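Student: Encoded as structure tokens, here's the structure I'll be asking about.
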Amino acid sequence: MNVKRHSAAFAAFVGLAVTSVAAVADDHAYTEGPVVNVAAIRTEYGKFDDYMKYLDTTWKTEQEAAKRAGNIVSYRVVTVEARGENDANIYLVTNYKNWAAFDGATAKGDAIAKQVEGTLAASNQNAVDRAKIRRVLGSWTGQELDLK
């Protein structure tokens with residue numbers, strides 16, 4: 001008899017817990033949307049067109065390969081008027097389906113770098129060379145919240 005009582009109590013507890021979780025999820029005025037990463041770039045004086053050429057060739061090829069592989073959803077380049085010499089004049093915006101897209105990101109990125117640039121050593125050297133025409137000021141990653 002005692003086992004039946006404990007089983008019934010446990011079943012009631014589990015039922016209440018599951019119902020409570022569903023109710024809490026419905027309480028939010030939003031659903032979690034895609035994840036976005038924004039990198040702030042400052043081109044060196046007189047090097048804007050050189051950097052844009054890189055973005056239109058190697059970077060774009062890498063982004064398109066990442067899209068085909070399902071690693072990213074979309075990407076874009078936004079130029080802005082910098083307020084000062086240490087402010088970004090380009091933002092690179094990349095959209096991901098969700099946070100899980102970052103699982104194994106290093107291996108995914110390495111595979112695409114090898115595909116586009118030949119070797120990781122070549123990719124690394126190209127990154128060093130790009131430092132002559134631009135500075136990466138930082139980046140942030142966040143998640144869109146879609147209002148219901």
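Student: Longer than 29 Å from Cα to Cα, which of Lys53/Lys108; Lys108/Lys148; Lys53/Lys148; Lys47/Lys97 are they? Say none if no pair is.
Tutor: On the way: Lys53/Lys108 24 Å; Lys108/Lys148 33 Å; Lys53/Lys148 41 Å; Lys47/Lys97 33 Å.
From Lys53/Lys108; Lys108/Lys148; Lys53/Lys148; Lys47/Lys97, over 29 Å: Lys108/Lys148; Lys53/Lys148; Lys47/Lys97.
Student: While we're here: Determine, for Thr94, Thr61, Thr31, the number of other Cβ atoms within 10 Å of each Cβ, and report the residues in order from fewest to most.
Tutor: Values: Thr94 21, Thr61 14, Thr31 11.
The most exposed by this proxy come first: Thr31, Thr61, Thr94.
Student: Give the order of Val128, Val38 when sorted by the count of other beta carbons within 10 angstrom, beginning with the fewest.
Tutor: Numbers: Val128 8, Val38 15.
Least to most surrounded, the residues fall as Val128, Val38.
Student: Which aspartates and glutamates, on any chain, are close to Lys114 with Cα under 12 Å apart, when same-chain ones fewer than 8 places away are left out?
Tutor: Lys114 reaches Glu62.
Student: Additional query: So which aspartates and glutamates pass the test for Lys67, namely a Cα distance under 16 Å, with those fewer than 8 places away in the same chain ruled out?
Tutor: Reachable aspartates and glutamates: Asp56, Asp103, Asp110.
Student: Further, regarding this structure: Output the peptides 140-146, 113-119 sorted from most to least packed, where packing is the average of other Cβ atoms within 10 Å over each peptide's residues.
Tutor: Per-residue Cβ counts within 10 Å, averaged per peptide and sorted highest first, yield 113-119, 140-146.
Just so you know, all these numbers are worked out from the coordinates, no wet-lab data involved. Predicted, not measured: the structure shown is a model, and the values here were computed from it. All Cβ positions, even for glycine, are placed from backbone atoms using ideal geometry, and neighbour counts span all protein chains on display.
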